[in-house]
Amino acid sequence: MAGEHMHREILETPAMLRREAAAWEAQATELRAAAGGRPQVALVGRGSSGNACAFAAYLFGLATGRQPVEFRPWLTTQELPPCDWSDTVAYAFSVSGQSTDIAASAAWLRARGAWTVGVTAAEGEDLHLAEATDRLFRLGCGPEVAVPATKTFTAQLFAAAALAGLPVQAAAAQAADAMDALLLGPVPGQLATFLEGGRLAAWIARGPSLAAVCDAALKMQESLGRPAVAYSTAEVLHGPIAMFHPEDRVVLFSGSDEPMDSKRAVAATLLARNVPLLTLGTDSTREAGLPLPLPEARWARTPVLAFLSQLVCLELARRAGLDPDAPAHLQKVTRTL
């Protein structure tokens, strides 16, 4: 069956969360102690790993009050003045451990004094990332065959939370329960039906959940070959709102219980433009079209939204007769030169 690997790897996610959360927390505690109190954090990743870095930036910012550096590998290809990164802990996210530009960035930062940690799902030692970093954070999520990152992306989100100093075990258990509920309920199919046939799909959220909608758009691009975009709720009215038309589909996520004036303004403007809009959120969100089972911790709702979008992309690919395991012209490991 098309998407067999992607389907299996999505289904493995709740059990992975219950199994690995304690190990993630233990590894993070050790690594944070070994970092020696360095005040600055740098994050580097591409694709889904880059989206995990965006999530990590929110959580480290909330934990420390300092905005992490989301490091651009391009810098390592340029002639730069001497610089000192010895006040920095650099986290390099690469599921395969073999992404050449991520490893090169970690090595570049390490050579300039940063203490470097590679975050990877790979089990071996013969990794570009292992050679470039001081330590490895092992996700322990097992092999992933399908090109779209599913369980590995979720593992990276929890790794980021643990490395930011958040307790993840209870949140992982609640997220796993929410994912099990989604597997048994109608929401993935309903959301797939809403998105099916639209010209452009847009995913909108704010705060840590921006990482999930960015990854949802990426999943649609790679598994469906379909135009999809993602925006912060706070950014849409700064111009992007003008491109949406009635043939598009917009998914607006509310992952918090607090008032969100920007969300209401976006929804009102889209409806005024006759753009089909579906809102997702908690039972307490008045505008929610599809209430979702969500964990108590706001940050832990991001992995549940990501899980839902993975199920939706799998369903849409199957309806379209596509195989999301192996999209044309894409590879599981991307080696950027």
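The values are calculated or read from the model by the stated rules, or taken from the named source; none is laboratory data. In this text, all values refer to a predicted model and were calculated from it rather than measured experimentally. For neighbour counting, all protein chains shown are included, and Cβ atoms are generated from backbone atoms with ideal geometry for every residue, glycine included. For the accessible areas, the whole protein counts, side chains as well, though only heavy atoms, and no ligand, DNA or RNA atoms are used. Shrake-Rupley method; radii C 1.70, N 1.55, O 1.52, S 1.80 Å.
How large is the dipole of the chain about the Cα centre if only Lys and Arg carry +1 and Asp and Glu carry -1, each at its Cβ, rounded to the nearest 20 debye?
On the way: 28 positive and 34 negative charges, 99 e Å.
The calculation lands at about 480 debye.
Amide hydrogen proximity for Val69: with H placed 1.01 Å from N in the peptide plane, the residues at 5 or more positions away or on another chain lying under 5 Å are Val41, Ala42, Leu43.
Ellipticity at 222 nm from helices only: DSSP H runs of n ≥ 4 in the chain, each -39500 (n - 2.57), divided by the residue count, give -14000 deg cm²/dmol. With the cut-off at 1.5 for a/c, could you classify the range 71-151 from its C-alpha gyration tensor as rounded, prolate or oblate? In terms of gyration-tensor shape, prolate. Share of carbon and sulfur in the accessible area of the chain stands at 54%, probe radius 1.4 Å.
Amide H contacts of Arg226 (H built 1.01 Å from N, in plane; Pro and chain starts excluded): Gln221 sit under 5 Å, all sequence-distant by 5 or more or on other chains. Within the range 34-70, name every residue whose backbone N is under 11 Å away from a label modeled 7 Å from Cα of Asp134 along the Cβ vector. Counting backbone N atoms under 11 Å from the label point, the list is 34-39. Solvent-accessible area per residue in the chain equals 41 Å², computed with a 1.4 angstrom probe and all protein chains kept. Structural descriptor for the chain: relative contact order 21 percent, calculated from alpha carbon pairs under 8 angstrom and at least 6 residues apart.
Rounded to 0.05, the FRET efficiency of the Thr269 and Asp180 pair, given R0 = 30 Å and the Cβ-Cβ distance, is 0.25. Identify, among Ala160, Ala146, His128, the residue whose Cα sits farthest towards the positive end of the charge dipole of the range 96-189, taking +1 on the Cβ of Lys and Arg and -1 on the Cβ of Asp and Glu, with the dipole about the Cα centre. Of the options given, the answer is Ala160. Computed from point charges on the beta carbon alone (+1 for Lys and Arg, -1 for Asp and Glu), the dipole magnitude for the range 37-113 about its Cα centre is near 120 Debye. Taking Leu271, Leu314, Leu218 and ordering them by how much accessible surface each has at a 1.4 Å probe, largest first, produces Leu271, Leu218, Leu314.
Name the longest site-free stretch of the chain, where the excluded sites are trypsin sites (Lys or Arg not before Pro) in a DSSP loop with no more than 11 other beta-carbon atoms within 10 Å. Write down the numbers at each step before the final one.
Details: sites that count: Arg66, Arg286.
The answer is 67-285.
Residue farthest toward the positive end of the dipole of the range 1-107, with Cβ of Lys/Arg at +1 and Asp/Glu at -1: which of Ala52, Ser99, Ala2? Of the candidates, Ala52 comes out farthest on the positive side.
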